[in-house]
Amino acid sequence: MSKARTALEEMGKDGSFKRKDSAWRSWISNEEGAEFPPESGRYHLFVAAACPWAQRTLLTRALKGLEDAISTTVVHPTWRRTRPDDDEDKHCGWVFGAPKGSDETFKNSIGLGGPFPCHMDGCEPNPLFESKAVRDIYEKAKDTEGKYTVPILWDKKKETIVSNESAEIIQMLNGCFNEFAKNPKLDLEPEELKEEMASVDTWIYNTLNNGVYRCGFASSQKAYETAITELTDSFDRVAQILEKQRFIAGDQITLSDIRLFPTLLRFDEVYIVYFKCNTRAVRHTPAILNYCREIYQMAGVKGTVDMAQIKMHYYTSHPHLNKFSIIPRGPNFAKLLEAPHDRNLVANSKKQKVEE
């Protein structure tokens, strides 16, 4: 019997979505004799441009300037059958894109919608070894959990998974590879802000990062009402904080912003519609919109944003939520992010109040 499962199966008896912890939790370490020491070219990130958890790692890699030290492969945005030749195995998940030049197409997992292209720009086959799906990577590493998520930090030497926990991978990218980084002095986890970061990370994760999924995957009205109320309150709390300071944990960008930004980026185009998070909108909240603009306009960040893949993933991967996989046109949120931001004014206003 296959153990393969997805987050869609992590439901409580009350109809609430209960995400389970990641299973692979090793660390890159500079300590002598460490199993996974920092080396340029040794590690590879398997990611999805569509996935907010995976985008955290791409953002950190870009801001630190680790593109030459850590390679990446982006998987196809639409979940598909990972064992299409096995009638007993119905698991759907991340698969690799077809080679450039392929004109093959497919429909969603119940044979509707599309047709969708097997090749998309930026999505390529696995360059390290033969595999059709992310599931194959886990099975090569002798995984026993059966939840095949991205991001994956892969060790090319040992041919195994180091970590699939995004919150910990971004800590490693921030602090363990500075000798190979183009921006080694950028510290996204400064000692003086760690306490505040830990505080905001807790409620942002529960009510926003995971909160949108708690709304979208809820299978009872009660579970949805609890989730949407908490999400709405936290959205307003974020706005209030960003009206007073430049970033979510203080006056400089931190890993807490790296955790928050991908959720806000997807909010208007996906979560409002698809996950029924329609009590608020980033585009109608100036403090949050301009905060997103500043991060988006930082060097390297725009290259981690692919709204077409983001929308394609959500709207085509869960037929029970969107039977015909229709992708809404949306408000072109990415275009809004090109406009100038006002975060310098926020910083100057706070400085003036301190001086007074």
Within the range 209-231, identify whether any single residue is among the basic types (K, R) and closer than 29 Å to F177 by Cα, and answer yes or no. no
Kindly indicate which of C118, C123 is touching an Asp or Glu at 6+ places or on another chain (Cβ under 7 Å) and under 20 Å from S317 (Cβ atoms). C118
Checked the range 159-178 for anything without any contact (Cβ under 8 Å) to a residue 60 or more places away in the chain and either in contact with a helix residue (DSSP H, G or I) (Cβ under 7 Å, 6 or more places away or on another chain) or exposed (fewer than 15 other Cβ atoms within 10 Å of the Cβ) (or both); matches are E159
All but one of (1) surrounded by 19 or more Cβ atoms within 10 Å (Cβ to Cβ); (2) touching a Gly at 6+ places or on another chain (Cβ under 6 Å) hold for G211, so report the exception by its number. (2)
Quick one: which strands (runs of 3 or more DSSP E) lie wholly within the range 57-165 and hold at least 2 residues that are of a type in the set (S, T, Y) and at pLDDT 95 or above? 71-74, 160-163
Condition check: surrounded by fewer than 20 Cβ atoms within 10 Å (Cβ to Cβ), part of a loop (DSSP other than H, G, I, E, B) and at pLDDT 95 or above. Does A339 satisfy that? yes
Search the range 272-298 for residues that are farther than 30 Å from N322 by Cα and pair each with any residue that is part of a helix (DSSP H, G or I) and modelled with pLDDT under 95 when their beta-carbon atoms are under 7 Å apart and the residues are at least 6 apart or on different chains. N290/R343; Y291/R343; E294/R343
Residues satisfying the stated conditions in the range 110-143, i.e. of a type in the set (V, I, T) and under 22 Å from the mean Cα position of the chain (by Cα): V134, I137
Would you mind finding the one in I258, I272, I253, I241 that is in a loop (DSSP other than H, G, I, E, B) and either surrounded by 23 or more Cβ atoms within 10 Å (Cβ to Cβ) or assigned by TED's automatic domain parsing to the domain that holds N290 (or both)? I253
Scanning the range 220-252 for residues that are within 23 Å of the chain's Cα centre (by Cα) and aliphatic (A, V, I, L, M) gives A227, I228, L231, V238, A239, I241, L242, I248, A249
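Please work out which residue is surrounded by the fewest Cβ atoms within 10 Å (Cβ to Cβ), limiting yourself to the range 184-208 and to residues that are aliphatic (A, V, I, L, M) and under 15 Å from the mean Cα position of the chain (by Cα). Break it down stepwise before answering.
Our first condition is that a residue be aliphatic (A, V, I, L, M); within the range 184-208, this holds for 186, 188, 193, 197-198, 200, 204, 208.
Right, trim to under 15 Å from the mean Cα position of the chain (by Cα) and you get 204, 208.
Values: I204: 21, L208: 23.
Ranking the qualifying residues of the range 184-208, first place goes to I204.
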For A181, are the conditions met, namely being surrounded by 20 or more Cβ atoms within 10 Å (Cβ to Cβ) and of a type in the set (G, A, S)? yes
Given the condition buried (at least 17 other Cβ atoms within 10 Å of the Cβ), in contact with a Leu (Cβ under 8 Å, 6 or more places away or on another chain) and either free of Cβ contacts under 8 Å to residues at least 60 places away in the same chain or assigned to a helix (DSSP H, G or I) (or both), answer yes or no: does some residue in the range 308-320 qualify? yes
Hey, among R293, R280, R266, which residue is within 22 Å of D201 (Cα to Cα), basic (K, R) and touching a Leu at 6+ places or on another chain (Cβ under 6 Å)? R293
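The values are calculated or read from the model by the stated rules, or taken from the named source; none is laboratory data. Because the structure is a prediction, the values reported are computed rather than measured. Cβ sites come from the backbone with ideal geometry, for glycine too, and all protein chains shown count toward neighbours.
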